[in-house]
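Throughout, read-outs are computed from the coordinates displayed, never taken from laboratory work. Just so you know, these numbers come straight off a predicted model, no measurement behind them.
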C-alpha cells in the first residue's frame, strides 16, 4: 500500500529538533497546506519551524491523485444549493487564486506538470441532470465550461462537463521544491516530531513528544486539527478512498484528460508518465473511515471496474488516502476558535486539496502578516445553511450512536466484537441489526486463538476492550480504545491498521499513531 509518488521518494533528511527555542511561527504538518504557508511566512522574513510527525507528504498530499482543477465533480452545484452566489463565487475565486499561485510557482522552479482538460462525466441517463446543474453553477461562477457528448473515454458515457486547460502534478516533486525553498530562506523542517498541545499567551508553548518550543503564532496543517478547541472533529466526516496505478496493454492508452464520475461509487482517472511509459491512475470507491465490513473489498471493486474497461491491465501500485468532508461543504481555515488569536488552521477540502490547500495557505498567511483577501473574508463570514446544520446533527448523532453501540458490545454483551455484518446485497450494517450473537470468547483461550496472518479482532477482557492482530508473524495486543475520544477501533484489513469509526484516527498494528485528531499512540493491553 504505497502510492506511486511515495514509492520513488528518497529518505527525508530532517533538521534537528532543538527544544526551548523560539520562532515567529510554528507550522504543524508538512503537506501542501503547511509547506506553502511556511514558505509564504519565510518569504516575509519570519523565522519558521515546520513540525511533521512522520515525513513530508506522508498523509493526504502523498496519496492524492493530484489534479489541480477548478472543475471538481459536481461540487459547485452542491455549494449553490446551500449558499448564496456571493459565497460560491468566493470559493471559486479562492480556488482560482490557489491554482494560479501553484502553477506559477512550479513554472518558476522548473517543476514539471501537465496541462489537461478536466471532465465530470455521467455513465447513466440519470446522471446528466447533475451535469446540467454543474454547468449552470460553474458558468454563473465564471468558469468557461462546456457540455460534451464524447469525453474520450474507452466506454460509453451519457455526457460530460469539460473545463479546458487544467493541470495535474506529481505532488512529491512539489513538496521537494517547497522544502528546499523554505530551507533556503532560513526555515527549519523537522520530521518525526508530533505536536501535542499549545498553551499560554504569546509566545505560546508548543508542546511535542520531544519537548517544547515557543512561538508567536501556530498553524495546524494536520489534515484535521489536532487540537479540539474548535470542535472541528464534530464538523467533519473522515473519508477513505482508494487508488491504483495500472500498466496497460500495448494496444491501450490512458485517456488524455482528467476524469471523475457523478455516480457512486466514484471513478476517477488520469494518466502519469513514468520511466518512459504512460500509466493509468484510477481512484474512488470511498467510505467513511472505520465503517465498512472490508476495506479490501473497496479496493477490489475499484480494480475490477478498471479491469473491465482496460482488460489485462496490471496494478503496479495500490494505495488509499484520507480526506475530511465538512458537514456544511465549505472548507474551514483561519483563526482557530479559543486559540487566543494565535492559532490558525486549515481543513475540510472535500477531496479537492490541490487548489484548496494553497487557497487556505494564502488566507492563513495573509491573516498572520496583516493582509486582506476579499474571497477569504467572504468565506469566513458565511452562515451555515439549514441543510448544513442538519448534516452536522446527523453526523454527530451517528457518532454518539456508534460510540454507545460499540461500547455496549464489548462491555455488556461480553462477546467477541465483530463490528459489522453483511446486509442484503453486501452492504455493511451494524452487527446489532439482526446479527447472530457470538458466544463469549476470552482472548488467549483455545477457542479464540491467535488471529490469522493479516487479521485483527477486538475482544472483551474483563471490562477492557482489547485489540489483537497478527502481522508479519507478530501478534500485538493493544487497548482497543481510541486515544482521542474513546471510540472502539476497527481492523482495517487492507492496510492492517486500527481505524476509529468516530473521527478517523488511525494506528498501526503496533499502536503507532498514523493520522487523525488523536495525538497519542495506543497503549499495550495488560497481559491476558
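Given the Cα-Cα distance of residue 450 and residue 155 and 0.36 nm per residue of separation, how much length would full extension add, in nm? Write down the numbers at each step before the final one.
Values: separation 295, 0.36 × 295 = 106.20 nm, distance 4.62 nm.
Here the answer is 101.6 nm.
Is the shape of the stretch 126-166 rounded, prolate or oblate, going by the alpha carbon gyration tensor and its root eigenvalues a ≥ b ≥ c, with a/c under 1.5 for rounded and a/b larger than b/c for prolate? Could you put the intermediate results ahead of the total?
Working: a/c = 3.44, a/b = 1.40, b/c = 2.46.
Oblate, because a/c is 1.5 or more while a/b does not exceed b/c.
Can you classify the stretch 174-299 as rounded, prolate or oblate using the Cα gyration tensor, where a ≥ b ≥ c are the square roots of its eigenvalues, rounded means a/c under 1.5, and otherwise it's prolate if a/b beats b/c and oblate if not?
In terms of gyration-tensor shape, oblate.
Under the rule a/c < 1.5 gives rounded, and otherwise a/b versus b/c splits prolate from oblate, where does the stretch 262-338 land using the Cα gyration tensor?
prolate
Under the 0.36 nm per residue contour assumption, what length would be gained going from the current alpha-carbon distance of residue 18 and residue 464 to full extension?
156.7 nm
So for the chain, averaging the separation of alpha carbon pairs under 8 Å that are six or more residues apart and normalising by length, what relative contact order in percent results?
16
At q = 0.06, 0.08, 0.11, 0.12 Å⁻¹, what log₁₀ I(q)/I(0) does the chain have when each alpha carbon counts as one equal point scatterer in the Debye sum?
-0.28, -0.51, -1.00, -1.19
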